[in-house]
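Here the structure comes first, spelled out in structure tokens, and everything after it is commentary.
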Amino acid sequence: MPLRQLLFALLIVTLSNVAGASQRPNILFLFADDWGRHASAYAKADGPGTLNDAARTPNFDQLAKAGVLFQNAFVNAPSCTPCRSSLLSGQHFWRTGKGAVLLGATWDSSIPTFPLLLEDSGYHIGYSYKVWSPGRPVNAPIGQRRTAYQDAGNRFNGFSQNATRIVAEGSTVEQAKAELLEEVRNNFRQFLTANTSSKPFFYWFGPTNVHRRWVKGSGKALWNIHPDELNGKMPPFLPDVPTVREDFADYLGEVCAFDAAIGVLMEELRAAGHETNTVIAISGDHGAPGFPHGKCNLYDFGTQVPLVVAGPGIVGGRVVNDLVSIPDLAPTFLEAGEVDVPENMTANTLWPVLRSQADGWIDPQRQQVFTGRERHVDMAREGNKPYPQRAIRTRDHLLIINFRPERNPLGDPYRLDGDQPPTHKQLTNNTRVTLPDEDAGETKAWIDEHRHDETGKFYFDHAYGKRPRVELYDVKQDPYQMRNLAEEPEFRQLARQLQQQLLAELRDTGDPRLVDDGSFFEQVDKFD
């Protein structure tokens, strides 16, 4: 073939590949730190009298109407780094080596991750704020890949703090909000502008504002969420007292800020002409921080999260009950981008559900999800030991195995009854002052300070007391998981059956917790 014809043929092939790539959908992923299943879209399903009555998330709700709202989405681990390790790899967190813990984590670069697989296939990728851990772009060595887009700033991460300061300097509340949301807008614009080759893109928006600490009273001051709205709606593991109601109202205020950012990103997506060719997924990395049953717990309040998926190829306007795990997003995104899913991914694509015409329970294979945790913060317990747990959640039941029931589940209660107990300021600002696997805040302080009186002793013992090796809950009759059925005679056979099912999954997926008495996780020097 003459050289000119060969060059022409190569050009045609190249243009065909570019055209094929441009037809692949963009992917916009919004993932909030510490955002549990709290959105007004869930209020109807939950019925009146729940915390979601006070949630206000109009932008999330709008996408839920356009796409698929998942009622039963769960993280694989209710701690930020292992949760992200499972999400990025599409695997159970215990399969990610040193990525399975929070502090001391390092990433095994031999484990494929979906953002870099998308990039290798021709996607323009990037993020703003947080992805795997602060300061590390996805899983690559620092500086190796330029994927962070936040030249406009990162003040949104401290939304209530910065909005309160801007108001104190003379602006109105609405002006303060607009200023911080403009940062979100400009960071996303920077990412879009950098896509000079018009590639399909993947953008991860990961603000940390919903993570503590937030400003006391900011829920009411910035978002008009009155703590009294929560009166009588607290779950039984939370004290229904003014301090705790205000604390949760402030938490919902930060959720409102995240929702406002959803609206800004959608505006920019439309303005850039990308709305009709972008798959949008929105979720959170675990339950509420600094509240019993929340973050670092395997109860639903700690592991259940919001999830909406919308965009091309998705049959919208539906509510799905299927049990799904957040790592399922990894193969879902790869399939959207026409990228082969690595064989070592244990997660399952959501596309059969997303393409379905049905509501409610759809996929008969989605009968359970698995969750767990190991080490969260350092020095939470004597010897810096983890609190190992694994759980199986089915439609009707939750079974938890606490592999070291002799340890304190949320850290040792050091200093509480010493000569110099923590001050209120320490309890609200310093997570490590005591019980360090529970984030500091007003709720933790109230429970700690009332642990010896009749108003608070139950909540303290329930949240921080030692737990039996096996817990079993009927999630239909006991949605807040308050009554352990594991030792009741009529439930012992069910408890054994679920334990066998859980342990089979751990063995089949190579969980180090079952090898040599869990020595991989117990030898803490490996993570230092």
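The values are calculated or read from the model by the stated rules, or taken from the named source; none is laboratory data. Just so we're clear, the structure is a prediction, and the values are computed from it rather than from any experiment. Counting neighbours? That spans all protein chains shown, and the Cβs are built from the backbone with ideal geometry, glycine included.
Across the range 383-414, the number of residues qualifying as buried (at least 22 other Cβ atoms within 10 Å of the Cβ) and among the aromatic types (F, W, Y) comes to 1.
For the range 425-459, which residues satisfy the criterion of being hydrophobic (A, V, I, L, M, F, W, C) and farther than 23 Å from V210 by Cβ? Quick ask: steps written out before the conclusion?
Step one: of the range 425-459, the residues hydrophobic (A, V, I, L, M, F, W, C) are 427, 433, 435, 440, 445-447, 458.
Listed by number, the list holds a single entry, F458.
Can you give me the number of residues within the range 460-495 that are in a helix (DSSP H, G or I), free of Cβ contacts under 8 Å to residues at least 40 places away in the same chain and surrounded by 14 or more Cβ atoms within 10 Å (Cβ to Cβ)? Result for the range 460-495: 3. A single member of A310, A336, A288, A330 is closer than 28 Å to P409 by Cα and touching a helix residue (DSSP H, G or I) at 6+ places or on another chain (Cβ under 9 Å), and it is A288. Residue-level check: of (1) within 30 Å of L118 (Cβ to Cβ); (2) part of a loop (DSSP other than H, G, I, E, B), E335 misses just (2). Within the range 105-123, the set of residues being part of a loop (DSSP other than H, G, I, E, B), at pLDDT 90 or above and surrounded by fewer than 20 Cβ atoms within 10 Å (Cβ to Cβ) comprises I111, S121, G122. Do you know which residues across the range 170-208 are surrounded by 16 or more Cβ atoms within 10 Å (Cβ to Cβ) and of a type in the set (V, I, T)? V184, T208 - these are the residues of the range 170-208 that are surrounded by 16 or more Cβ atoms within 10 Å (Cβ to Cβ) and of a type in the set (V, I, T).
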